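Enquirer: Structure provided below as structure tokens; questions to follow.
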Number of protein chains: 2
Amino acid sequence: MQTTSAGFNLPSWVKGWVSTCVQIHGDFSSLEARMDFTIKLAQQNIKQQTGGPFAATIFNLKNQQLLSVGINIVVPSHNSTNHAEMTAIILAQQALQTYNLSEHGHFELLTSCEPCAMCFGAIPWSGIKHLAYAAASKDAQAIGFDEGAKHPHWINELEKRGIKVTPKILRDKAAQVLQSYQQQGGMMY
Amino acid sequence: MQTTSAGFNLPSWVKGWVSTCVQIHGDFSSLEARMDFTIKLAQQNIKQQTGGPFAATIFNLKNQQLLSVGINIVVPSHNSTNHAEMTAIILAQQALQTYNLSEHGHFELLTSCEPCAMCFGAIPWSGIKHLAYAAASKDAQAIGFDEGAKHPHWINELEKRGIKVTPKILRDKAAQVLQSYQQQGGMMY
């Protein structure tokens, strides 16, 4: 056994890019505006070549304030669990020093693409109360990504646990971002 | 947005405890011996009061060498994704600097309890080729843990992806460890 500690850093462009976006277009009162920002973050991760074509954000629904962002950094971080949703959840929980976001308010996870089997499984444990996604699994599969074996009634299973799901917000825009990754010859895994 | 980096440390007793075990009982040629060690690690996490009653290990099947260990540190690390299987996978990948263990050999994940929905979803992405578990989901549910909504044919879904599954090795022993956690008044989440 070699090591008992691990961690990750989002790429160095993230902090500055996010704070510029928040200053310039920072009206996040609509779900569409929050998702548009999330999709732009995925697009930026492709442009910067710092990971997969996926991004996620977590907002406090009480005041529409951004709590955390996540991007897919599986390849550069040598960590197959570092999907966008997972990094966003981990950073949100770290910011509030809790393993259960629901103890601190009503938080929403937005993701540029339907969650895979792992991220779906992680959502109930996170304390998130609302999930919104843009591109569908089919759009990710169309460019060669595997989404895993999710429960066939996954939306219903989340809703049974008190988590509201809003599917396919700005789907076409997010699907175009996935296609641009493929056209650029981005790595599939 | 407050932060863009995160990490975890397994508790400080882990390194010394593991290396003593490896020195004293280090014949890991049988699956039972590897699982017995994994269950003892879960038991030790209860005794030390450093997390949930779950542990996982990853072995290289070529030489039965231990690559990494993981324990459930959800509560102390403020991170709902830090299940035993996840921490073991992350540490194994970090040790080999890869997001896909299958590129470096034939690795086995042992877990003291059937994986939850999130950990099930993480397994195909990890590059693990064999999963063995001890206690069943029912045993965890019996003491109050939620296992999530796993695909109804989850073992079949893993096997379709080339991952062999060996269920319920030393189940009774692992179930007793879960019961001892409950008797001690351990936190459920």
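Enquirer: With +1 assigned to the C-beta of every Lys and Arg and -1 to the C-beta of every Asp and Glu, and no other charges, what is the dipole magnitude of region B:118-184 about the Cα centre in debye, to the nearest 20? Write out the running numbers ahead of the final one.
Expert: Values: 9 positive and 6 negative charges, 56 e Å.
Computed about the Cα centre, the dipole is about 260 debye.
Enquirer: Pick out which of B:Asn72, B:Asn156, B:Asn45 has the largest mean-square fluctuation in a Gaussian network model of chain B, springs linking Cα atoms closer than 10 Å.
Expert: Of B:Asn72, B:Asn156, B:Asn45, the Gaussian network model singles out B:Asn156 as fluctuating most.
Enquirer: Taking other Cβ within 10 Å of each residue's Cβ, how do B:Ser80, B:Ser30, B:Ser180 sort, fewest first? Don't jump to the answer; show the numbers that get you there.
Expert: Working: B:Ser80 24, B:Ser30 10, B:Ser180 16.
Ascending Cβ contact count within 10 Å gives the list B:Ser30, B:Ser180, B:Ser80.
Enquirer: I'd like the distance separating the alpha-carbon centroids of region B:130-168 and region B:13-28, in whole Å.
Expert: 27 Å
Enquirer: Would you give the gap between the C-alpha center of region B:68-120 and the C-alpha center of region A:40-81, rounded to a whole Å?
Expert: A separation of 22 Å, based on Cα centres.
Enquirer: Would you mind giving the mean number of other chain beta-carbons within 10 Å of the Cβ of each residue in B:59-70, as a whole number? Write out the running numbers ahead of the final one.
Expert: Working: counts 0, 0, 0, 0, 0, 0, 1, 2, 2, 5, 2, 1.
If you average over the peptide's residues, the count of other-chain Cβ atoms is 1.
Enquirer: Which net charge results when you count Lys and Arg as +1 and Asp and Glu as -1 among the other residues whose beta-carbon is under 10 Å from that of B:Phe59?
Expert: +1
Enquirer: Continuing with the same structure: Nearest 5 is fine: what % of DSSP beta bridges in chain B come out antiparallel, could you say? Provide the component values of the computation, followed by the final result.
Expert: On the way: 11 of 19 bridges.
Restricted to chain B, the bridges split so that about 60 percent are antiparallel.
Enquirer: For an R0 of 30 angstrom, estimate the FRET efficiency from the Cβ-Cβ distance between B:Asp172 and B:Lys47 and round to the nearest 0.05. Don't skip to the end; give the middle numbers.
Expert: Values: r = 19 Å, r/R0 = 0.65.
With a Förster radius of 30 Å, E is 0.95.
Enquirer: With r as the distance between the Cβ atoms of B:Asn156 and B:Gln183 and R0 = 45 Å, compute the FRET efficiency 1/(1 + (r/R0)^6) and round to 0.05.
Expert: Details: r = 35 Å, r/R0 = 0.79.
The calculated FRET efficiency here is 0.80.
Enquirer: Turning to a different aspect of this structure: What is the mean number of Cβ atoms from other protein chains located within 10 Å of the Cβ atom of each residue in peptide A:87-95, rounded to a whole number? Intermediate results must be reported in sequence, preceding the final value.
Expert: Working: counts 4, 0, 3, 11, 7, 4, 8, 9, 5.
If you average over the peptide's residues, the count of other-chain Cβ atoms is 6.
Enquirer: Defining the label point at 7 Å along Cα→Cβ, can you sort the distances from B:Trp13 to the same site in each other copy, shortest first, in nm?
Expert: For B:Trp13, the other copies' label points sit at 4.6 nm, shortest first.
Enquirer: Right, another one. In B, who owns the beta-carbon nearest the axis carrying B over to A, and how many Å from it?
Expert: Rotation axis B onto A, closest Cβ, rounded to whole Å: B:Gly7, 1.
Enquirer: Under 15 Å from the Cα of A:Lys164, which aspartates and glutamates turn up, not counting those fewer than eight places away in the same chain?
Expert: Cα-Cα hits under 15 Å: A:Glu108, A:Glu114.
Enquirer: Moving on to the next point. Which residue, A:Thr3, A:Trp154, A:Ile90, has the largest displacement toward the positive end of the dipole of chain A when charges sit on each Cβ (Lys, Arg +1; Asp, Glu -1)?
Expert: A:Ile90
Enquirer: All other residues with a Cβ under 13 Å from the Cβ of A:Asp36 taken together, and with Lys, Arg as +1 and Asp, Glu as -1, what is their net charge?
Expert: Local charge sum for A:Asp36: +1.
Enquirer: Let me ask something else. Quick one: which of B:131-142, B:47-58 comes out on top by average Cβ neighbours within 10 Å, and what's the full order, highest first?
Expert: Working: B:131-142: 20.7, B:47-58: 23.7.
The packing order, highest mean first, is B:47-58, B:131-142.
Enquirer: How compact and how long is region A:1-133, expressed as Rg and Dmax of its alpha-carbon atoms in Å?
Expert: Every Cα atom of region A:1-133 included, Rg and Dmax give 14.1, 48 Å.
Enquirer: Another question, if that's okay. Suppose R0 equals 25 Å; then what is the FRET efficiency for A:Ser30 and A:Glu103 from their Cβ-Cβ distance, rounded to the nearest 0.05?
Expert: Values: r = 27 Å, r/R0 = 1.07.
It comes to 0.40.
Enquirer: Next question. What are the nm distances, shortest first, from B:Asn156 to its equivalents in the other copies, labels at 7 Å along Cα→Cβ?
Expert: 1.8
Enquirer: Here's a follow-up. Per q in 0.13 1/Å, what log10 I(q)/I(0) does a Debye calculation on the alpha-carbon atoms of the protein assembly as shown return?
Expert: Here log10 of I(q) over I(0) equals -1.00.
Enquirer: Determine the shielding of peptide B:150-162 by partner chains: average, over its residues, the number of Cβ atoms on other chains within 10 angstrom of each Cβ.
Expert: Values: counts 6, 9, 4, 2, 3, 0, 1, 4, 1, 0, 1, 3, 0.
Per residue, the average neighbour count from other chains is 3.
Enquirer: Let me ask another. Nothing charged except the Cβ atoms of Lys and Arg (+1) and of Asp and Glu (-1): what's the magnitude of the dipole of region B:56-160 about its Cα centre? Round to the nearest 20 debye. Each step should come with its number before you reach the end.
Expert: Working: 5 positive and 9 negative charges, 34 e Å.
Rounded to the nearest 20 debye, it is 160 debye.
Enquirer: In the structure displayed, which of B:Lys15/B:Lys62; A:Lys15/A:Lys40; B:Lys138/B:Lys168 lie more than 21 Å apart, Cα to Cα?
Expert: Details: B:Lys15/B:Lys62 23 Å; A:Lys15/A:Lys40 14 Å; B:Lys138/B:Lys168 11 Å.
Long pairs (Cα-Cα over 21 Å): B:Lys15/B:Lys62.
Enquirer: Near A:Gly148, within a Cβ-to-Cβ distance under 13 Å, what is the net charge of the other residues, with Lys and Arg +1 and Asp and Glu -1?
Expert: Result for the local shell: -1.
Enquirer: Placing a label point 7 Å from Cα toward Cβ, how far apart in nm is A:Gln184 from its equivalents in the other copies, listed shortest first to one decimal?
Expert: 4.8
Bear in mind that the values in this text are calculations on the coordinates, not laboratory data. It should be emphasised that the depicted structure is a prediction, and the values quoted were computed from it without experimental measurement. For neighbour counting, all protein chains shown are included, and Cβ atoms are generated from backbone atoms with ideal geometry for every residue, glycine included.
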